[in-house]
Amino acid sequence: MNRFINDLTGVVSSPAATIARAMEAKRWKAALAAILLVTAIVTFITFPITKTEQAKMIRDSEMADKLSDEQLAGLENFTPFQRVSGSVYAMFFSALALLLAAFFVYLFFKVGGAEGLYVNYFSAVAQASFLDMILGGALKGLLVLLKKTMMVQTGLTLFFPGLDFRSLPYIVLSQFDFFSLWYLAALSLGIAVYARISPKKSMTIAALYFLFKSLVLVSLSYFGMRLMGM
């Protein structure tokens, strides 16, 4: 328990050394469990708000034409089981996101000549995700509860309140989330120490990974909403 708390505080105060130690020890289980637990809790407590807003989005989209009046009227309704299952799904997709992120981080750094196995890089991603998925996720959940909307921002979109969330500029700017950038900086510093490469080289590789990830997510989000008629 003490080691877990030290890792949690260490990622904030001394990310390079903390993440490097986790990579060396292949330590990821406690971090993953904490991330999934926070994800489930945040999803559960914000579920009524997100369900209501998702229903509104569907009603305002072309998908509404394919639903009956009864189905449209019941979009906001949910059972306790659906609320719990929504939290379980969120945990599953969070775990999948971590696995994929670690794979591509590992791939980019291996191409860049860094040493280590996939498990070392998964440990790095799990530890660094304290920043965006635990701290950032908890803050976003709190903002959702306070503002009664899931459209909360912790990135560059804060400075452009007039942008439609479905527009390409908004989707691009949403990639520059402050917690995600903090995570990326901590991750690159930790890998630099573990792999014995310069911080500059590590940050360059991390930036290339970020550009690749952003391109994929922007494309999926933009064209996905277009296909859904939003």
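Count, please, the residues in region 9-46 that happen to be surrounded by fewer than 18 Cβ atoms within 10 Å (Cβ to Cβ) and of a type outside the set (Lys, Arg).
Here the count works out to 13.
If PHE93 satisfies all but one of (1) under 30 Å from ARG59 (Cβ atoms); (2) within 16 Å of the chain's Cα centre (by Cα); (3) buried (at least 16 other Cβ atoms within 10 Å of the Cβ), what's the number of the condition it fails?
Answer for PHE93: the failing condition is (3).
How about region 96-117: which of its residues are buried (at least 17 other Cβ atoms within 10 Å of the Cβ) and either in a helix (DSSP H, G or I) or touching an Asp or Glu at 6+ places or on another chain (Cβ under 9 Å) (or both)?
Across region 96-117, the qualifying residues are LEU98, ALA101, ALA102, VAL105, TYR106, PHE108, PHE109.
Within region 185-205, can one find any residue that is in contact with a strand residue (DSSP E or B) (Cβ under 8 Å, 6 or more places away or on another chain) and not aromatic (Phe, Trp, Tyr)?
no
Does LEU8 qualify as being modelled with pLDDT under 90 and within 25 Å of ASN120 (Cα to Cα)?
Yes; evaluated as a whole, the condition is true for this residue.
If LEU143 meets every condition in (1) within 21 Å of PHE210 (Cβ to Cβ); (2) part of a helix (DSSP H, G or I); (3) hydrophobic (A, V, I, L, M, F, W, C) apart from one, which number is that one?
Status for LEU143: all satisfied but (1).
Exactly one condition in (1) more than 29 Å from LEU117 (Cα to Cα); (2) among the aromatic types (Phe, Trp, Tyr); (3) in contact with a Leu (Cβ under 6 Å, 6 or more places away or on another chain); (4) surrounded by fewer than 18 Cβ atoms within 10 Å (Cβ to Cβ) is not met by PHE176; state its number.
With (1) more than 29 Å from LEU117 (Cα to Cα); (2) among the aromatic types (Phe, Trp, Tyr); (3) in contact with a Leu (Cβ under 6 Å, 6 or more places away or on another chain); (4) surrounded by fewer than 18 Cβ atoms within 10 Å (Cβ to Cβ) applied to PHE176, the lone miss is (1).
Among the residues of region 142-172, what is the count of those that are small (Gly, Ala, Ser) and touching a strand residue (DSSP E or B) at 6+ places or on another chain (Cβ under 9 Å)?
1
In this structure, does SER129 turn out to be surrounded by 15 or more Cβ atoms within 10 Å (Cβ to Cβ), modelled with pLDDT of 85 or more and either among the polar types (S, T, N, Q) or touching a Cys at 6+ places or on another chain (Cβ under 8 Å) (or both)?
Yes.
Quick test for you: out of PHE179, PHE130, PHE210, pick the one residue that is in contact with a Gly (Cβ under 8 Å, 6 or more places away or on another chain), closer than 22 Å to PHE93 by Cα and either of a type in the set (A, V, I, L, M) or in a helix (DSSP H, G or I) (or both).
PHE179
The values are calculated or read from the model by the stated rules, or taken from the named source; none is laboratory data. Just so it is clear, the model here is predicted, and its values are computed rather than measured. All Cβ positions, even for glycine, are placed from backbone atoms using ideal geometry, and neighbour counts span all protein chains on display.
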